[in-house]
Amino acid sequence: MKTGKHLAMLAVCLVVLWGSRFGPYTCSTLPGFASETSSSWLVLAMHGLFLMLLLYMPVYDFISLLTYKLGWESSFDPLVVYEGEFSTQPISRKARRFLYVLDIAIVAFALLPLWTKAAYCA
């Protein structure tokens, strides 16, 4: 089922990228820091991949929780994130929740405007 969760995570991230065009803003109202107007494939790929990288953990864990709650899996199997490079101790649930909020905030307030400006306004 892990492959299915990875594919579902990728599908959710692609839907977020595609759905960003329907956001409640126009090209002129995007923040000033989203000044990237080049629409080269490299810029689009960079913004899209970085966005998916930040969404990876919260979306994967949400899909894992959803499959557990729907009874498709016998246990909740979130990603394991460690405290440091040489640590064998996973981060706490409180730190994990903070990372979820931080990741989603960065995506919503920084990366989606950059992606939208590069993809649809150039």
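Of the residues PHE109, PHE76, SER64, the one whose Cα sits farthest towards the positive end of the charge dipole of region 35-122 is PHE109 (charges of +1 on Lys and Arg Cβ, -1 on Asp and Glu Cβ, taken about the Cα centre). Inter-label distance, PHE76 to TYR100: 0.8 nm, where each label sits 7 Å from its Cα along the C-beta direction.
Take every Cα pair under 8 Å whose residues are at least 6 apart in sequence, average their separation, divide by the length of region 58-111, and the relative contact order is 24 percent. For region 65-85 versus region 96-122, the inter-centroid distance based on Cα atoms is 24 Å. Among the chymotrypsin sites (Phe, Trp or Tyr not before Pro) in region 65-101, those located in a DSSP loop and surrounded by at most 15 other Cβ atoms within 10 Å of their own Cβ are TRP72, PHE76, PHE86. Straightening the chain between LEU10 and ALA110 buys 34.0 nm, computed as 0.36 nm per residue apart minus the Cα-Cα spacing.
All of the numbers you see were taken from the coordinates with simple rules; none came from a lab. Quick caveat, the model's predicted, so the values are computed rather than measured. Here Cβ is always computed from backbone atoms with ideal geometry, including for glycine, and neighbour counts include all displayed protein chains.
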